[in-house]
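Data block below; observations after.
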Number of protein chains: 2
Amino acid sequence: MSGPNGARIRNPRPASRRRLPVDKGDRYGCAMARDIQERIKKLIIDQRLPSGSVLPTEPELMERLGVSRNSVREALKALQAMGIVEIRHGFGTYVGPMSMAPMIEGLTFRTVAGHYRGEDSLLQLLELREAVETGLIARLAGSLPAADLAELDALVDRMDAEAAGPGGEVRAETDRAFHATLYRCLGNQLLGEVLEAFWDAFHKVRTDLVDVPQDPRVTCRQHREILDAVRSSDVVRAERAIREHFGNIRTRLNAPVTAAVPRPTYDR
Amino acid sequence: MSGPNGARIRNPRPASRRRLPVDKGDRYGCAMARDIQERIKKLIIDQRLPSGSVLPTEPELMERLGVSRNSVREALKALQAMGIVEIRHGFGTYVGPMSMAPMIEGLTFRTVAGHYRGEDSLLQLLELREAVETGLIARLAGSLPAADLAELDALVDRMDAEAAGPGGEVRAETDRAFHATLYRCLGNQLLGEVLEAFWDAFHKVRTDLVDVPQDPRVTCRQHREILDAVRSSDVVRAERAIREHFGNIRTRLNAPVTAAVPRPTYDR
DNA sequence: AAGAGTCAGCTGCTCTAACCAACTGAGCTA
DNA sequence: TAGCTCAGTTGGTTAGAGCAGCTGACTCTT
């Protein structure tokens, strides 16, 4: 039943299956499964359940919703994939953290798939990050608390140390922390999580797919410049610094991406 | 087994269940289900399957992955929730559109839940939109093709007509189209989809939860101002126009949000 | 009596088997 | 020829059984 590369071959009705699915606006599956998901979501909303609350057990949901165990489980699996519930074997089902973790996963997959198909999906993701951070930096300039400035100073210092250290590279975690700390003072949790999600997805794909050469000293200098610009309340300079930083990543990205031969394996 | 409000009461072991789940880094469920999902994803990536491609049928996946139909279906349900596959009753399973639709859903739920819990989640979502659009507008000023400018002109004209028309309100679809068309020329599909996702989630929550009063003439004037600023290549003016537009939405949002008594029903 | 091991009873996880529902295509009927 | 039915495909749903992770209380040992 399987072709040479595991490709699917269906003898009795090969042509008809080539039909592309017609969009009937009926995404997300059939009525019942969708309905169960909605009812569980409604349960969470209506009872104002916070993250971590206990949800009914599978047998209880079966009885309450009047469906079989299997349907309940499929609905819960879908909700789990969206981060709405969290399932723990032997414990029970809980209201999920509602984090952006599922988005990271979806975005990562989409970017990897697009990359392998020859699209510039990684570049698009970078542009997205650039857009958000550029739009935020103006609000930041001059209004960063002293404590955050000190923390950012320490992070850039650490970058310097890492660049001069044995590895000769700035650790990814340090870069991530810098960008996260920079926008923390805005007091917008969603913003922070989305930015981290974009960063995570970008970083995952970049390290997995393309081997980007980087000059760690340039990285350090650019982060320092961003920090100094923000400290001195210079909006224009801050925006320019951010753009330069991303421009740097972009140029480093462009060369290898076009030349790179996608590796045949994907093991995420 | 159920309390007065449908709250769960478990007689034999009530105290132990109050334990919050310990984070073992094992999100997304047990090993096997997770593994099946990964293998299906690997199949899509390795064979470079584009959106709409036929995936193996459930029996074929059972055999190939060596698991039961139930497990296959649960994995597919989770992947469907992430937009990675699309399941069509009676047809088969296909590679999904990889759109941002699941993100809209997750974001909407998160925002609704946060709103009901008294957080300013809707405002956070608006700030996110503002950040992205502000960061993009500079790249746009002066580089918009004439065709897009004409289309935007027509959209603002339509807004005027709708504002003066019977309803006296600018239709949501027109606003959506304006923002979508504005950033289309950047040639970044991801960017466009993310912006639309944010718009959709914001709009869904706003119309469902808070009844925002709006002066349609102000809305029209602000969109016209954005368009004119972009047309005249005036970056500073364009940024100011965007900020004013979002500032307008924000102020209209702030008053009712704090005063609003959340309705007890959630029916999405 | 204190400690350790076992066991019953929760929880979710997986499998098997059967049937239902949506859809297609070929062959039959009028 | 036009329309229908029917077999065979696909996913959707139900049912029942047993497995696996976890807790608390009971029991046996020391």
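The values are calculated or read from the model by the stated rules, or taken from the named source; none is laboratory data. What you see is a predicted model; the values in this text were computed from it and never measured. Backbone-built Cβ (ideal geometry, glycine too); neighbour counts: all protein chains shown. All accessible areas refer to the heavy atoms of the entire protein, side chains included, with ligands and DNA or RNA removed. Shrake-Rupley method; radii C 1.70, N 1.55, O 1.52, S 1.80 Å.
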Problem set entry | Whole-number Å³ per residue for the convex hull built on Cα positions in the stretch A:21-95 | 101
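Sorted by accessible area (1.4 Å probe), largest first, how do B:M62, A:M82 line up?
These residues rank, largest area first, as B:M62, A:M82.
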Exercise. Taking all protein chains as present, what is the carbon and sulfur share of the accessible area of the stretch B:27-95, in % to the nearest whole number, probe 1.4 Å?
Worked result: 57
Problem set entry | Projected label distance in nm at A:N254 and B:V235, using a 7 Å step from Cα toward the beta-carbon | 1.8
Seminar exercise, completed: Sorted largest first, the Cα spans of the stretch B:193-259 on the principal axes come out in Å as 39, 27, 17
Exercise. Size of the dipole of the stretch A:158-208 about the Cα centre, Lys and Arg at +1 and Asp and Glu at -1 on the beta carbon, nothing else charged, in debye to 20?
Worked result: 80
Problem set entry | Size of the stretch A:102-259 as Cα extents on the principal axes (Å, biggest first) | 46, 36, 26
Seminar exercise, completed: Calc'd 3J(HN,Hα), the stretch B:60-65, phi into Karplus 6.51 cos²θ - 1.76 cosθ + 1.60 (θ = phi - 60°), Hz, glycine/Pro = x, comes to 5, 5, 3, 5, 5, 8
Exercise. What percentages, rounded to whole numbers, describe P(r) for the stretch A:123-185 computed over all alpha carbon pairs with 10 Å bin width beginning at zero?
Worked result: 20, 43, 32, 5
Problem set entry | When each of B:K41/B:K204; A:K41/A:K204; A:K42/B:K204; A:K204/B:K204; A:K41/B:K42 is checked by Cα-Cα distance, pairs over 22 Å | B:K41/B:K204; A:K41/A:K204; A:K204/B:K204; A:K41/B:K42
For this session: List, in order, the whole-Hz ³J(HN,Hα) value for each residue of the stretch A:73-81 obtained from phi through the Karplus relation with A = 6.51, B = -1.76, C = 1.60 and θ = phi - 60°; use x for Gly and Pro.
Result: 5, 5, 5, 5, 4, 5, 5, 5, 5
